[in-house]
Amino acid sequence: MAKTLAEKIWQEHIVRTAAGEPDLIYIDLHLIHEVTSAQAFDGLRLAGRKVRRPDLTIATEDHNTPTQNIDKPIADPVSKLQIDTLRNNCAEFGLRIHSLGDIDQGIVHVVGPQLGLTQPGMTIVCGDSHTSTHGAFGALAFGIGTSQVEHVLATQTLPLDPPKTMAINVEGTLQPGVSAKDIILAIIAQIGTGGGQGYVLEYRGSAIRALSMEGRMTVCNMSIEAGARAGLIAPDQTTFDYIRGRAHAPEDFDAALAYWSTLQSDTDAKFDVEITIDAETLAPFVTWGTNPAQGLPLTGAVPDPSLIADAEERGAAERALEYMDLKAGTPLKKIAIDTVFLGSCTNGRIEDLRTAATILNGKKISSSLRMLVVPGSARVRLQAEAEGLDKVFIEAGAEWRNAGCSMCLGMNPDQLAPGERSASTSNRNFEGRQGKGGRTHLVSPLVAAATAIRGTLSSPADL
Amino acid sequence: MEKFITHTGTGVPLRRSNVDTDQIIPALWLKLVTRTGYEDGLFGAWRKDPEFVLNKDEYKKGTILIAGLDFGTGSSREHAVWALQNYGFRVVISPRFADIFRGNSLKAGLLTVILPQEQVEALWAAVEANPNLEITVSLENRSVSYDGVSVGFELDDYTRWRLMEGLDDIGLTLKQTESIDEYEMKRSPLKPATLPAR
């Protein structure tokens with residue numbers, strides 16, 4: 001029977017299947033960070049259990065870590081305790097960890113691919129919803145909660161119900177100034193925050209094939225923002241070229257390649273749902289509200305809630321405008337920004353920094369705002385410095401930081417002040433996400449850079 | 001895990017959709033390394049508003065949260081489930097839950113019940129008219145009952161059995177260790193390992 005890629009990977013990982021029970025699925029790689037693991041290790045200790053496969057497990061520190069003065073002890077004692085707890089747990093259970101200051105430290109979803117540990121056909125989990133990022137390699141990757149983290153540590157498996165599948169065909173060529181971030185923001189605006197619920201989204205079509213691995217990771221990263229269980233892109237030459245030569249690339253690369261090349265949805269495979277998006281019509285996109293589906297092309301205006309027919313959506317829009325302190329009808333390009341954040345597991349990779357640097361090169365950011373540039377990993381930072389990108393950012397007036405989740409989530413010292421408004425390349429514009437009372441507009445690295453120069457939401461075409 | 005068979009309590013109407021886990025428990029609370037102590041962080045930002053439903057005397061004893069569409073979106077933090085439980089909620093009712101939140105809740109013993117939007121709205125109206133209204137959520141019968149009304153809900157037999165018995169998921173899987181051993185024997189040697197580090 002014809003199968004989708006998600007179904008193929010699923011079936012290859014079934015340890016046990018029984019009528020009326022979830023499938024027991026084998027997990028090839030378990031990524032760990034400090035925030036969602038402490039209670040899982042406690043659970044293991046309490047039950048006298050061990051980590052079944054330390055050799056399929058890797059930890060890094062990212063959510064809590066500061067991006068400045070990383071050679072000094074972490075100032076916040078509560079953050080320090082959580083980081084120390086992770087270090088102690090890894091030592092006790094024999095797990096590999098990349099701590100702050102280590103060359104392989106960084107955001108967990110940047111580190112896995114960078115080490116070559118993320119490969120096609122794998123199952124990958126992490127106690128973080130943006131694990132969907134790894135789907136860009138044709139791996140089935142999903143975020144899990146702490147109870148499941150403990151389950152994977154103890155058994156290297158998870159009992160799971162098979163997902164439904166949705167094909168999202170993005171066909172055509174993107175206009176200049178339009179990028180992977182705009183594709184995914186437009187998809188989420190179209191299908192809604194619950195539109196992907198229960199599905200693995202397989203992104204297909206010529207516009208997806210044309211994306212770099214960085215771009216594909218951006219798209220898959222935000223699958224969760226549409227409520228999806230995972231995002232997936234079939235591997236191709238772009239994927240293979242990215243993995244080749246990385247530290248954990250297969251030694252017998254040709255044998256791996258032969259297997260990876262089979263990882264495609266069959267041409268006659270049936271998806272539960274299929275939608276098509278015309279890449280030519282996409283424009284730079286920005287969110288105006290407090291969930292990632294509340295977005296519009298940058299050329300638009302803040303919507304008028306009274307024109308929204310659905311009562312639920314209308315109420316949500318009214319509340320969002322109040323929180324965001326926006327008036328219906330205001331052109332989005334008139335919105336003044338206080339902070340530009342370039343970074344996160346969505347847009348903190350080398351290509352994202354290069355893209356922003358091409359816009360900022362030789363220019364100054366507006367005196368009305370600050371800009372934080374935060375590489376996704378220590379290696380991304382080093383690579384950027386080798387290319388001189390750090391100088392471009394610093395000369396433009398931006399702050400050049402060390403690797404971490406930074407201002408994406410308001411858990412470390414990098415936060416918005418109450419009422420402060422950001423243009424952010426991260427993934428969530430929830431109330432208070434970037435700091436209590438902070439207001440977030442999600443944008444691409446290109447829009448972030450142009451906005452930094454002009455001081456109001458802008459695309460490179462406005463410069 | 002505590003068994004869940006049936007629960008009778010009063011409801012709290014949360015007339016909002018898209019309640020994300022950053023609202024349920026703000027990120028600053030995620031620095032704790034325990035499963036308890038999150039009750040004061042529950043809906044931390046919203047609770048600063050004296051008009052917020054949890055601040056109203058008539059809803060302070062509620063144990064059944066009745067929320068709008070797409071409850072628990074966003075981050076995978078299980079802390080959201082712990083915060084609801086620590087506060088005293090045993091059940092959350094919504095027309096649709098985010099996948100990871102729902103998975104987390106059913107692992108941790110917080111019953112998440114999916115009811116159609118019109119049933120949720122009927123419950124909101126009933127609870128707002130009478131905050132002391134007794135609501136019974138029976139996992140045994142898979143039903144929500146109040147005021148002579150009884151509405152059925154769906155939950156797969158396996159999850160229901162696990163919750164009603166209060167069973168430890170890991171314990172159940174460890175009974176399948178032989179199958180895991182067998183799977184590992186035939187697993188492709190091409191798959192990467194994190195150790196030794198390269």
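Rounded to the nearest 5, what % of DSSP beta bridges with both residues in chain A are antiparallel?
25
Test of understanding: ordering A:ILE70, A:ILE453, A:ILE224, A:ILE183 by Cβ neighbours within 10 Å, fewest first, what list do you get?
Least to most surrounded, the residues fall as A:ILE70, A:ILE453, A:ILE183, A:ILE224.
Taking the Cβ-Cβ separation of A:LYS364 and B:THR36 as r and a Förster radius of 51 Å, what is the calculated FRET efficiency to the nearest 0.05?
That pair, A:LYS364 with B:THR36, gives E of 0.50.
Once you keep just the Cα pairs under 8 angstrom separated by 6 or more residues, what percentage relative contact order results for the range A:272-382?
Here the relative contact order equals 21 percent.
With a ≥ b ≥ c taken as the square roots of the eigenvalues of the C-alpha gyration tensor of the protein assembly as shown, please select rounded if a/c is under 1.5 and otherwise prolate if a/b is larger than b/c or oblate if it is not?
It is rounded, given that a/c, with a ≥ b ≥ c, falls under 1.5.
Near A:SER406, within a Cβ-to-Cβ distance under 10 Å, what is the net charge of the other residues, with Lys and Arg +1 and Asp and Glu -1?
Within the 10 Å Cβ shell, the charges total -1.
Taking 56 Å as R0, compute the FRET efficiency from the Cβ-Cβ separation of A:TYR323 and B:GLU184 and round it to 0.05.
0.65
Suppose we keep just the DSSP beta bridges with both residues in the range A:271-417; what percent of those would be antiparallel, to 5?
Taking every DSSP beta bridge within the range A:271-417, about 40 percent pair in antiparallel fashion.
I'd like the Kirkwood hydrodynamic radius of chain B, using the inverse of the mean 1/r over distinct C-alpha pairs, in Å.
18.3
How far apart, in nanometres, would the label points at A:ASP161 and A:ILE308 be if each is projected 7 angstrom from Cα along the Cα-to-Cβ direction?
Result for the modelled spin labels: 2.8 nm.
Separation of the range B:177-198 and the range A:288-365 by C-alpha centroid, Å?
Rounded to whole Å, the Cα centres lie 44 Å apart.
Where the Cα atoms of the range B:90-198 are projected onto their three principal axes, how long is each span, largest first, in whole Å?
64, 30, 19
Is the shape of the range B:1-67 best called rounded, prolate or oblate, per the rule: a/c under 1.5 gives rounded, else a/b larger than b/c gives prolate, else oblate, with a ≥ b ≥ c the square roots of the Cα gyration tensor eigenvalues?
Because a/c hits 1.5 or more and a/b fails to exceed b/c, the range B:1-67 counts as oblate.
Let me check I've understood the local charge: for A:SER368, count other residues with C-beta under 14 angstrom from its C-beta, Lys and Arg +1, Asp and Glu -1. What total comes out?
Summing Lys and Arg as +1 and Asp and Glu as -1 gives +3.
Quick one: Cα centre-to-centre distance for the range A:413-431 and the range A:1-55, in angstrom?
So the separation of the two Cα centres works out to 33 Å.
Express the Stokes-Einstein translational diffusion coefficient of the range B:60-118 in µm² s⁻¹, to the nearest whole number, given a Kirkwood radius over alpha-carbon pairs, 10 °C and a viscosity of 1.306 mPa s.
In µm²/s, the coefficient is 140.
How long is the gain from A:SER261 to A:ALA47 if the chain were fully straight, where each residue apart is worth 0.36 nm and the alpha carbon distance is subtracted?
Details: separation 214, 0.36 × 214 = 77.04 nm, distance 4.23 nm.
My answer for the length gained is 72.8 nm.
Could you give the size of the charge dipole of the protein assembly as shown about its Cα centre, using +1 on the Cβ of each K and R and -1 on the Cβ of each D and E, expressed in debye and rounded to the nearest 20?
Details: 64 positive and 82 negative charges, 242 e Å.
Result for the protein assembly as shown is approximately 1160 debye, rounded to the nearest 20.
Is the C-alpha gyration tensor of the range B:15-113 telling us rounded, prolate or oblate? Criteria: a/c under 1.5 is rounded; beyond that, a/b larger than b/c is prolate, otherwise oblate.
Because its axes are fairly even, with a/c under 1.5, the range B:15-113 counts as rounded.
So how do A:TYR199, B:TYR183 line up by other beta-carbon neighbours within 10 Å, fewest first?
Final ranking by Cβ density, sparse to dense: B:TYR183, A:TYR199.
Give the separation of the Cα centroids, the range A:87-134 to the range A:182-252, in Å.
18
What value in Å³ per residue do you get for the convex hull of the alpha-carbon atoms in the range A:312-429?
119
Summarise the long-distance tail of P(r) for the range A:200-280 by giving the % of C-alpha pairs beyond 14 Å.
The proportion of pairs with Cα distances above 14 Å equals 69 percent.
Readers should treat all values here as calculations from the given coordinates under stated rules, not as data from a laboratory. Treat the numbers as computed from the prediction; the structure is a model and nothing was measured. Note: ideal-geometry Cβ built from the backbone for every residue, glycine included; neighbour counts use all protein chains shown.
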